[in-house]
Amino acid sequence: MARAKTVELAQISVRGVVQGVGFRPFVYQLATKHELKGWVLNTSGDVKIEVEGEREALEQFLAELEGEAPTLARIEAITVVSAPPVGYTDFEIRRSLAEEGEYQLVSPDIATCDACKGELLSSDDRRYCYPFTNCTNCGPRFTIIEDIPYDRSKTTMRRFVMCPDCQGEYDDPLDRRFHAQPNACSKCGPSLELLDGDGEVIACDDVITTAGRLLNEGKILAIKGLGGFHLACDATSDKAIELLRHRKRRPYKPLAIMLATMDQVKEHCFVCAEEEKLLTSPQCPIVLLRWKDDSSVSRKVAPGLKYLGVMLPYTPLHHVLLRETGLPLVMTSGNLSEEPIAKDNDEALRRVKGITDYFVVHNRDIYARYDDSVAIVEGQKPQLIRRARGYAPYPVHLPFRTKKQVLACGAELKNTFCITKDNYAFISQHIGDMENLETLEHFENTIELYKKLFRLEPEVVAYDLHPEYLSTKYAKERAGALSLVGVQHHHAHIVSCMVENGVQEPVIGIAFDGTGYGSDGTIWGGEFLVADYKDFQRVGHLEYVPMPGGAAAIERPYRMALSYIYALLGEESLGQGLPFLKEVDGHEINIIKRQLERGINSPPTSSCGRLFDGVSALLGIRGKVDYEAQAAVELEMAAPDEIDEAEAYPFSIVEQDGVRIVKLKELFRAIILDIGRLPVGIISLRFHYTVAQMIVKMCQLIADDQALCKAALSGGVFQNRLLVRLTVAALEKEGFEVLTHSLVPTNDGGISLGQAVISSWE
Ligand code: ZN
Ligand code: ZN
Ligand code: FE
């Protein structure tokens, strides 16, 4: 006996990244498939759906809504309310609805999808070789959005009027380009231009073919990409790279390269499954891969390093260009040493002039500056060390709901900022080193953009205690309008690591970095904290030594080597004919000695970064640096890969006023004895092993006192993969649960998240 089936109606709200990712067409198709009637629309806060039909069909629809959502969608919450049916006769996609004060998540820019790649490379497609091909599954998003809801009129694509073909795709709910806001083709969309070094247009039949030829001739090209300009040249040519380095005034800093295909990547580097997944993901970051000895990529791309920063093409322009040149290409940020990446055509002409021979520009404006993200895989776990393209502005989820909106201004180097709202921490894309006005301006503009996009109105501003950071000054200028909270640098490091691991209870925090302003006004950087979101206690640290000449000691690590020897072993040890002293000017040695004797301009530091610098210089590896942490990086590179059980050097731990201090005298005495007796690489390995043992011994002592079993590692020193490997293994062996970073950088790029959590926690 047939029972009359009852019709029901469901009102659905979906939150998350659900706009600009093909979500409405997906809903449309799903509703049609299940013969449901009603509508779907975007609002400023969510995607709203009303569907009417039989219960079973509705249930199926709901299950598939969550389970089969488009690749780029990230569903955060679905709410369903039943209501009386209204008798819809079809299913339609309705106009977007702007709602006051509401906000929603914005998709990051996403690498070209396989379907678009297919069209791009097939000669009978109307988008063959069109360098701005995209669809709802890929292409620019965050970099072109000026406001929400995400509609073409609110993006930098508004000036391009779609041709009938493109408009047809845009209007067809069954097309891959339905409501793809940046939809374009060669007839109606953005186009390329080739300019000479002075910015004069060069007439040519095809920009990409010409650009490919110029790259093959060893020229340097500034190429406008998704979030800014790259400087490109032939990565196999020593000469081209030397020229680029000379013009950029960067003799050593490693450069990233782009390779056409995964097969090519495997020709030059070792790639594990996890690394391959990351390289080919929609985020498509630069991944630091183990470099093969027989790779034809010039060693000058990353002098002295075992790892090469590699990415696959992520825009149609890249795909076509790489196919055209057939070369591995250097693709480094288009800027002068410390400035932010150039994004606008006139800005690039002004700032990159003199570095580049040619410009490849286009007329789609970049609204948000957006660097390439950089990741590594360590212990099977991907770890971001620069978080930008593909990741920002997707927020980090907080394990609690914030009552206040906090703007955390971050640190100085590798700056990011972070704004909290509800249970989200909107951590910005990598802003850069806040040492000049250009970067400060980028910082200020990006804060305004986030406030606008996510309807943020912070009441509290959090800052680093360092009085000279531009981010701190920015915060203090807002005193009065906003309430101010100062957060200690290393506390912020540890909390950033706790938060992304969802841990709230107190941990032992090991915060090892180059420099951070201590609560007592001294320079910290080798810190053992007992920390939670609210507070911390400095329970231990590395022994203090002077930094002769302050900043000069960071640029010239041999100054630190002299300081350790002088402070720990006494002046007479300097006369031992240590090989590294031969490289240092005798006059400077005398100045340093005087500075150390009298304590002139020699602030004491407990920094672990300086300890690595000092040992690197002492071993004759690196006495002067071109980029941050170069001496420490090269010390790590010197160590052999195959780690047999290394023997630790001696060190001791003393207690003073309830604080444990790691004493380094025996360590330096032992290293000096080994110099000339053991290969430098073995000394380096033993040193790394010793630092891991220092951490374990300290953690055991602290755990005995405070009954804690979780240890969180944070700070720039933990970008050292050898140290992390040794430390995690040693801590786990002793029964500790070890927290490390993955979502936000372990370096100062993660500081803003820690600051935001500490100052919004109550
Ligand atoms: Zn696509
Ligand atoms: Zn068109
Ligand atoms: Fe730091």
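Coordinate-derived values only; no laboratory data. Being a predicted model, the structure only gives us computed values, none of them experimental. So basically every Cβ, Gly included, is an ideal-geometry build from the backbone, and we count neighbours across all protein chains shown.
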Practice problem: Would you compute, from DSSP H runs of 4+ residues alone, the mean residue ellipticity of the chain at 222 nm, taking -39500 (n - 2.57) per run and dividing by the full residue count, rounded to the nearest 500? | Solution: -9000 deg cm²/dmol
Quiz item: What percent antiparallel are the DSSP beta bridges of segment 192-374, to the nearest 5?
Solution: 75 percent
Quiz prompt | Gain upon complete extension [Arg249, Glu267; 0.36 nm per residue less C-alpha separation] | solution = 3.5 nm
Quiz prompt | Calculated Rg and Dmax of segment 59-188 using C-alpha coordinates, Å | solution = 16.9, 53
Practice problem: At 7 Å along the Cα-to-beta-carbon direction for both Glu737 and Asp344, put a label point, then send me their distance in nm to one decimal. | Solution: 5.0 nm
Quiz prompt | Highest to lowest packing among 194-204, 589-599, 416-426, scored as the average C-beta count within 10 Å | solution = 416-426, 589-599, 194-204
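Calculate the dipole size of the chain relative to its Cα centre from +1 charges on Lys and Arg beta carbons and -1 charges on Asp and Glu beta carbons; express the result in debye to the nearest 20.
720 debye
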Quiz prompt | Contour minus Cα-Cα distance for Glu448 and Glu146 (0.36 nm per residue) | solution = 107.6 nm
Practice problem: Work out from phi, with θ = phi - 60° and the Karplus expression 6.51 cos²θ - 1.76 cosθ + 1.60, the ³J(HN,Hα) of each residue of segment 411-426, listed in order in whole Hz, and give x for Gly and Pro. | Solution: 9, 9, 6, 6, 4, 9, 10, 8, 10, 9, 7, 6, 10, 10, 10, 7
Quiz item: Dividing the alpha-carbon Rg of segment 192-374 by 2.2 N^0.38 Å yields what?
Solution: 0.96
Quiz item: Quick one: if you stick a label point 7 Å off each Cα along the C-beta vector at Asp90 and Glu56, how many nm between them?
Solution: 2.8 nm
Quiz item: Mind listing the Cα extents of the chain along all three principal axes, in Å, largest one first?
Solution: 97, 63, 53
Quiz item: Taking θ as phi - 60°, what are the ³J(HN,Hα) couplings along segment 672-680 by the Karplus curve (6.51, -1.76, 1.60), each to the nearest whole Hz, with x for Gly and Pro?
Solution: 4, 5, 7, 5, x, 9, 10, x, 3
Quiz item: What order, most packed first, do the peptides 650-656, 456-462 have when packing is the mean number of other Cβ atoms within 10 Å of each residue?
Solution: 456-462, 650-656
Exercise. Provide the per-residue ³J(HN,Hα) series for segment 731-737, in order, calculated from phi with Karplus coefficients 6.51, -1.76, 1.60 and θ = phi - 60°, each as a whole number of Hz, with x at glycine and proline positions.
Key: 5, 5, 4, 8, x, 7, 8
Practice problem: Place a label point 7 angstrom from the Cα of Lys476 along the Cα-to-Cβ direction, then list the residues of segment 496-521 whose backbone nitrogen is under 20 Å away. | Solution: 515-521
Exercise. Take the alpha-carbon centre of segment 692-711, take the same for segment 148-200, and report the distance between them in whole Å.
Key: 57 Å
Practice problem: Would you calculate the separation in nanometres between label points at Ile589 and Ile682, each defined as 7 Å from the Cα along the Cα-to-beta-carbon direction? | Solution: 2.7 nm
Quiz item: Around Asn423, what is the net charge, scoring Lys/Arg as +1 and Asp/Glu as -1 over all other residues with Cβ under 12 Å from its Cβ?
Solution: +2
Practice problem: Go ahead and run the numbers for FRET between Ser82 and Glu35, Cβ-Cβ distance against an R0 of 22 Å, rounding to 0.05. | Solution: 0.75
Self-check item: Debye log10 I(q)/I(0) for segment 7-93, one point scatterer per Cα, at q = 0.13, 0.19, 0.21, 0.22 Å⁻¹
Solution: -0.34, -0.76, -0.94, -1.04
Self-check item: Relative contact order (%) - the chain, alpha-carbon pairs under 8 angstrom, separation at least six
Solution: 11 percent
Self-check item: Beta bridges by DSSP in segment 370-498, antiparallel share as percent, to the nearest 5
Solution: 60 percent
Quiz prompt | Packing-based order for 692-700, 205-213, using average beta carbon neighbours within 10 Å, highest first | solution = 692-700, 205-213
Quiz prompt | Antiparallel bridges, percent of DSSP beta bridges restricted to the chain (to nearest 5) | solution = 70 percent
